[in-house]
Amino acid sequence: MARRKKIYEGKAKILYEGPEPGTLVQYFKDDATANNAEKHAVVEGKGVLNNRLSEFFMTGLGQVGIPTHFLRRLNMREQLVRQVEIIPLEVIVRNFAAGSMARRLGMEEGTPLPRPIIEFSFKDDKLGDPLVPEEYIIAFGWATQADLDDIVALALRVNDYLSGVMYGVGIKLVDFKIEVGRVWDGDYQRLVVADEISPDSCRLWDMSSGERLDKDVFRKDLGNLTDAYTEVARRLGVMPSNATHMPKPTLIN
Ligand code: 5GP
């Protein structure tokens, strides 16, 4: 039997060659990592939830005219996406202080920011994805000034969309990370939202209790990660509340 070609394996996802040129299959694993993979666990059901949630957000972004790499979901753990040239940056948008920003500036987590703040990290696991100024990005040729202007506009539109959707289900969007890819149309490039949007890459706090509904549950040992992600999916109407607790299929010989 022919084996499909693995293009890339990351901490939480695998990319395989897609069925048509210019497409990839994005497979969501159950692996959870934190502190640049110092902490690792397999969290049953996480991949299924993130596949569904990322489909939900990417589809919604497409519906409001924000381009993404998403084409369609294939099954419980896989989605078909456009092959893009990933810009080697993590684009982080923050509405409230938390995580590395709160630590760096000695701010209390949850402090509202005067406006959404965008920052860039250089995608390099060995270096721990260091924060980089725009000057580095342009000087090292990771993106041009025009790309950065487009990326900022894209990130702010994603923030408006995601904040609104989350607000509607009683969740505060504290911050999130996106990745951006280039798609070539002949000599012209378009920038699209790539990778995934899921509770792995966002900070989501319950609006009234402040309960964490994102990967901080795993990073800080605050409870059961699958339960937190299931709650996000349930509120968004993405999945019935008990869908992740289905038994694994058993192989019958
Ligand atoms: P911080 O810089 O505070 O650790 O993270 C800011 C936001 O970006 C958080 O929502 C966090 O989940 C997300 N983020 C930062 N780095 C990564 C990363 O390497 N992977 C994922 N999935 N999310 C990240």
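Go through 196, 38, 90 and list them by solvent-accessible area, largest first, probe radius 1.4 Å. Numbers along the way, then the final one.
Working: 196 10, 38 160, 90 30 Å².
Largest accessible area first, the list is 38, 90, 196.
Rolling a 1.4 angstrom probe over the protein heavy atoms, how many square angstrom per residue are accessible across the chain? Each step should come with its number before you reach the end.
Details: 13090 Å² over 253 residues.
Counting only protein heavy atoms, the per-residue value for the chain is 52 Å².
Grouping the Cα pair distances of the stretch 163-215 into 10 Å bins from zero gives a pair-distance distribution of 24, 39, 21, 13, 4, 0 percent in increasing distance order.
Bridging of residue 13 to lysines at a Cα separation below 19 Å is possible for 5, 29, 39, 46, 123, 126, 177, 215, once same-chain residues fewer than 8 apart are set aside.
In this structure the amide hydrogen of residue 30, modeled in the peptide plane, comes within under 5 Å of the amide hydrogens of 47, none closer than 5 places in sequence on its chain.
Taking the Cα centre of the chain as origin and assigning +1 to Lys and Arg Cβ atoms and -1 to Asp and Glu Cβ atoms, the resulting dipole is close to 740 debye.
Within the accessible surface of the stretch 85-206, defined with a 1.4 Å probe on protein heavy atoms only, the carbon and sulfur portion equals 55 percent. Over all orientations, the chain has a Cα convex hull whose mean projected area works out to 15.5 square nanometres. If you wrap the Cα atoms of the stretch 100-153 in a convex hull and average its projected area over all directions, you get 4.7 nm². Amide hydrogen proximity for residue 7: with H placed 1.01 Å from N in the peptide plane, the residues at 5 or more positions away or on another chain lying under 5 Å are 15, 16, 17.
Listed values for the stretch 40-50 are Karplus-derived 3J(HN,Hα) couplings in whole Hz (6.51 cos²θ - 1.76 cosθ + 1.60, θ = phi - 60°), namely 9, 7, 9, 10, 4, x, 4, x, 5, 5, 5, and x replaces Gly and Pro.
Given contacts defined as C-alpha pairs under 8 Å and at least six residues apart, what's the relative contact order of the chain, whole-number percent?
Details: 450 pairs, mean separation 43.9, N = 253.
That works out to 17 percent.
Just how large is the dipole of the stretch 105-253 about the Cα centre, in debye to the nearest 20, putting +1 at every Lys and Arg Cβ and -1 at every Asp and Glu Cβ? Could the numbers behind the result be given before it?
Details: 16 positive and 26 negative charges, 116 e Å.
Using only the charged Cβ atoms, the result is roughly 560 debye.
Helical runs assigned H by DSSP (4 residues or longer) give the chain a calculated mean residue ellipticity at 222 nm of -8500 deg cm²/dmol, each run adding -39500 (n - 2.57) before division by the residue total.
Positive-end ranking of 141, 199, 112 along the dipole of the stretch 85-206, with charges on Cβ about the Cα centre, is headed by 112. Considering only the Cα atoms of the stretch 1-146, their convex hull presents on average a projected area of 11.7 nm².
Start at zero, step by 10 Å, and the Cα-Cα distances of the stretch 85-206 spread as 12, 43, 34, 9, 1 percent across the bins. 3J(HN,Hα) couplings calculated from phi for the stretch 136-149 with the Karplus curve 6.51 cos²θ - 1.76 cosθ + 1.60 (θ = phi - 60°) are, in sequence order, 5, 4, 6, 4, 8, x, 6, 7, 8, 4, 5, 4, 4, 4 Hz; Gly and Pro show x.
The values are calculated or read from the model by the stated rules, or taken from the named source; none is laboratory data. Just so you know, these numbers come straight off a predicted model, no measurement behind them. We place every Cβ from the backbone using ideal geometry, glycine too, and count neighbours over all the protein chains shown. For the accessible areas, the whole protein counts, side chains as well, though only heavy atoms, and no ligand, DNA or RNA atoms are used. Shrake-Rupley method; radii C 1.70, N 1.55, O 1.52, S 1.80 Å.
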